[in-house]
Amino acid sequence: MRRTRRAVLFDLDGTILHTAPDLAGAINDMRIERGLAALPVEDLAPFCSFGGRGMLEKGLAMLPEHAEYPAAYNAFIKAYQVRMTRETAPYDGIRELMQALQAEQIGWGVVTNKAERLAVPLMDAMAFDPLPGCVIGGDTAGVAKPDPAPILLACERMGVDPTDCIYIGDSDRDIAAGRAAGMSTIGVAYGYVPVGDDANDWLADAIAVSVADLSPAIKRLQTQQA
């Protein structure tokens, strides 16, 4: 008996959106305010998967236990909100992929560790057609990935069974969350993979080294034997 996946869920940063220019821009604004030189986006991109925490670690050598961390984190979020749609855009081919999913009557949604207050307006600004069936932030379910709760909430909101979904993301915690939710998974190697990490070690059902790899990987998993 062949199984047809009814929804595909995606991580956001480094999976469907190239957000590094604006994340890097926000931390570089903070560096410049402190008399420091801006860092290249390429140096900051591997830390983008960890959001503000990653930007503060790489950009200001500041970890959560630092006394000034809470104030710096809030300052980063404010700086990012000002510019988060300035240079951010979907990766080439992503809009076409969503249209292809719609043509196959497959829904799509977003499950990210980005706070909902950032993720929802960012996705609204991207004006996808078709629109996502849901946008679940890192705080929407009260816990973040690798806990499967956000992904399971997405399934609930979209009215699909987790076993009829595929989850796609660019980190080991994405794949761990998808697996824990009972889904097939695709690891994204073109995204913001941390230095020293290897997508082939995440135990995903498939690996996409480019956006062009996503469609055939989805089709292959759609038709795999139950």
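Bear in mind that the values in this text are calculations on the coordinates, not laboratory data. In this text, all values refer to a predicted model and were calculated from it rather than measured experimentally. Positions of Cβ are backbone-derived with ideal geometry, glycine not excepted, and every protein chain shown enters the neighbour counts.
Rounded to the nearest Å, what's the spacing between the alpha carbon centres of segment 18-41 and segment 122-137? Just the number, please. Distance between centres, Cα-based: 26 Å.
Please figure out what share of the DSSP beta bridges in the chain is antiparallel and state it in percent, rounded to the nearest 5. Taking every DSSP beta bridge with both residues in the chain, the antiparallel ones total about 15 percent.
The sum of -39500 (n - 2.57) across all DSSP H runs of n ≥ 4, divided by the residue count of the chain, sets its helix-only mean residue ellipticity at 222 nm to -12000 deg cm²/dmol.
For N200 and V143, the difference between the fully extended length at 0.36 nm per residue and the C-alpha to C-alpha distance is 17.9 nm. For the modelled label position 7 Å from the Cα of R157 along Cα-to-Cβ, which residues of segment 90-119 have backbone nitrogen atoms closer than 13 Å? Of the residues in segment 90-119, 108-119 have backbone N under 13 Å from the label point off R157.
With viscosity 1.567 mPa s and temperature 4 °C, the Kirkwood radius over alpha carbon pairs of segment 92-214 converts through Stokes-Einstein to a diffusion coefficient of 88 µm²/s.
Compute the length gained on full extension between E33 and H66: take 0.36 nm times their separation in residues and subtract their Cα-Cα distance, giving the result in nm to one decimal.
Numbers: separation 33, 0.36 × 33 = 11.88 nm, distance 1.90 nm.
Length difference between fully extended and current span is 10.0 nm.
Report the FRET efficiency, 1/(1 + (r/R0)^6), for S215 and A89, where r is their Cβ-Cβ distance and R0 is 22 Å, rounded to 0.05. All intermediate terms of the calculation are to be shown ahead of the outcome.
Working: r = 19 Å, r/R0 = 0.88.
Using R0 = 22 Å, I get an efficiency of 0.70.
Calculated on the alpha-carbon coordinates, the convex hull of the chain measures out at 113 cubic angstrom per residue.
Between the amide H of F10 and those of G109, V110, V111, I168, distances stay under 5 Å, these residues lying 5 or more places away or on another chain, with hydrogens modeled in the peptide plane. Using a Förster distance of 22 angstrom, determine the FRET efficiency expected from the C-beta separation of Q224 and A125, and round it to 0.05. With a Förster radius of 22 Å, E is 0.05.
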